[in-house]
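A.B. asks: Below is a structure I'd like to ask you about.
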Amino acid sequence: MSSAWKTTRRWVWWALKPVVLLSVIGGVIYWVKFAPVSVSTHSIQRGSIVAEVMGTGTLEARVKATVSPKISGRIGEVLVDQGDRVSAGDLLVRLDDEELQQQVAIAQANVEAARAAIERLKTDKTRANAVFEQAQKSHDRVQALIGQNAVSQDDVDKAIEALAIAVVGISRAEAAITEGQKELISAEKTLEYHRARLQDTEIRAPFDGLIVKRHREPGDVVVPGSSMLTLIATEELWISAWVDETEMSRVQQDEVARVLFRSEPDRSYPGTVTRLGREADRETREFIVDVRVLELPMNWAVGQRAEAMIEV
């Protein structure tokens with residue numbers, strides 16, 4: 001009986017096993033199909049749909065300058081670095097000025113020598129005036145004695161000759177003074193020139209701004225036009241965005257815009273259209289739209305890419 005019972009129970013289990021399995025599967029299917037689904041609600045509001053024109057471009061400064069020297073020389077000191085804010089007139093770079101200092105000293109000595117020469121020539125003129133006055137008196141006395149036949153013709157000739165020589169002496173002294181004054185003016189102009197060159201060894205900021213790039217280091221030799229620093233004014237920064245020419249008629253100046261920097265793609269910054277380009281690229285068929293950024297991210301860099309969304 002025990003063995004038969006076990007056999008019967010085993011056959012019952014094998015018969016019921018598919019039923020149990022099908023019941024479990026059916027319950028899972030029922031739960032998946034008919035289980036409650038979570039939903040979210042949205043309130044519907046009436047409003048206007050804003051159309052936007054998108055342009056991709058880079059952040060640029062409206063005022064930008066390349067700081068370079070007026071004269072050739074070796075950089076002695078660079079006083080600023082990229083990221084530094086400067087004011088107009090601040091000293092940025094100083095060139096080696098030893099040779100120019102010597103030239104200024106030589107020019108100063110030449111000016112002093114020219115002034116001393118003029119003083120000496122003035123003294124010579126004073127002496128020439130004294131000789132002329134003496135010759136004039138002698139001449140007058142001789143002329144007075146001619147009527148009395150109290151003087152010889154030789155004395156008369158000598159008096160006339162002495163007076164003529166005295167006149168020539170005054171003219172020569174005056175001419176020498178004039179020449180000396182010209183030499184003094186030339187020496188002073190040379191001194192001004194060397195002083196200006198010496199002053200040009202100090203390169204100063206042309207306007208208030210931010211140093212965005214440093215190109216040179218102390219010891220570098222530079223020539224006029226060599227780029228040493230890049231300076232921008234931060235009062236007006238904009239996105240120079242390329243917009244398809246088919247949108248040209250829809251974009252207007254002073255329109256509202258928003259800017260999406262790729263460093264912060266989830267946040268937009270307010271902007272406004274400042275300037276429209278008047279020349280389209282002949283290959284891409286796009287034109288430039290400058291969108292002024294009214295608010296900047298905490299970290300930004302000139303040249304970084306961004307998308308400008310212009311409301312039209």
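A.B. asks: Kindly indicate the residue of the stretch 164-217 that is in a strand (DSSP E or B) and either open to solvent by less than 30 Å² (accessible area, probe 1.4 Å) or in contact with a helix residue (DSSP H, G or I) (Cβ under 8 Å, 6 or more places away or on another chain) (or both) and also nearest to ALA117 (Cα to Cα) among those meeting that condition.
C.D. replies: Residues of the stretch 164-217 that are in a strand (DSSP E or B), as a first pass: 202-204, 209-214.
Checking the rest, the ones that are also either open to solvent by less than 30 Å² (accessible area, probe 1.4 Å) or in contact with a helix residue (DSSP H, G or I) (Cβ under 8 Å, 6 or more places away or on another chain) (or both) come to 203, 209-211.
Values: ILE203: 37, GLY209: 50, LEU210: 52, ILE211: 51 Å.
Looking at residues that are in a strand (DSSP E or B) and either open to solvent by less than 30 Å² (accessible area, probe 1.4 Å) or in contact with a helix residue (DSSP H, G or I) (Cβ under 8 Å, 6 or more places away or on another chain) (or both), I get ILE203.
A.B. asks: Could you list all residues from the stretch 298-312 that are farther than 11 Å from LEU237 by Cβ, in contact with a strand residue (DSSP E or B) (Cβ under 9 Å, 6 or more places away or on another chain) and open to solvent by 60 Å² or more (accessible area, probe 1.4 Å)?
C.D. replies: Across the stretch 298-312, the qualifying residues are ARG305, GLU311, VAL312.
A.B. asks: Considering ALA135, ALA105, which residue is open to solvent by less than 50 Å² (accessible area, probe 1.4 Å) and in a helix (DSSP H, G or I)? Break it down into steps so the answer makes sense when it comes.
C.D. replies: Values: ALA105 fails: open to solvent by less than 50 Å² (accessible area, probe 1.4 Å).
Just one listed residue meets the conditions, ALA135.
Yes or no, residue by residue, for (1) at pLDDT below 85; (2) among the small types (Gly, Ala, Ser):
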residue	(1), (2)
ALA15	yes, yes
GLY27	yes, yes
VAL32	yes, no
HIS42	yes, no
ALA61	no, yes
GLY73	no, yes
ASP90	no, no
LYS122	no, no
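A.B. asks: What's the total number of residues in the stretch 259-270 that are farther than 14 Å from THR56 by Cα and in a strand (DSSP E or B)?
C.D. replies: The number of residues fulfilling the criteria is 2.
A.B. asks: If you don't mind, there's one more thing I want to ask. Taking the criterion of being open to solvent by 90 Å² or more (accessible area, probe 1.4 Å) and not in a helix (DSSP H, G or I), would at least one residue in the stretch 141-154 satisfy it?
C.D. replies: Applying the first criterion (open to solvent by 90 Å² or more (accessible area, probe 1.4 Å)) to the stretch 141-154 yields 141, 148-149, 153.
Next cut, not in a helix (DSSP H, G or I) only: 148-149.
Yes, the stretch 141-154 contains at least one residue that is open to solvent by 90 Å² or more (accessible area, probe 1.4 Å) and not in a helix (DSSP H, G or I).
A.B. asks: Look at the stretch 280-295 and say how many of its residues are in contact (Cβ under 8 Å) with a residue 12 or more places away in the chain, acidic (Asp, Glu) and open to solvent by 40 Å² or more (accessible area, probe 1.4 Å). Before the answer, list the steps.
C.D. replies: The initial filter retains those residues of the stretch 280-295 that are in contact (Cβ under 8 Å) with a residue 12 or more places away in the chain, namely 280-281, 284-295.
From the residues that got through so far, the ones that are acidic (Asp, Glu) too are 281, 286, 290, 295.
Keeping just the survivors that are open to solvent by 40 Å² or more (accessible area, probe 1.4 Å) gives 281, 286, 295.
Going through the stretch 280-295 one residue at a time, the tally reaches 3.
The values are calculated or read from the model by the stated rules, or taken from the named source; none is laboratory data. Quick caveat, the model's predicted, so the values are computed rather than measured. All Cβ positions, glycine included, derive from the backbone under ideal geometry; neighbour counts span all protein chains shown. Just so you know, the surface numbers come from the protein's heavy atoms only, side chains and all, with ligands and any DNA or RNA stripped out. Shrake-Rupley method; radii C 1.70, N 1.55, O 1.52, S 1.80 Å.
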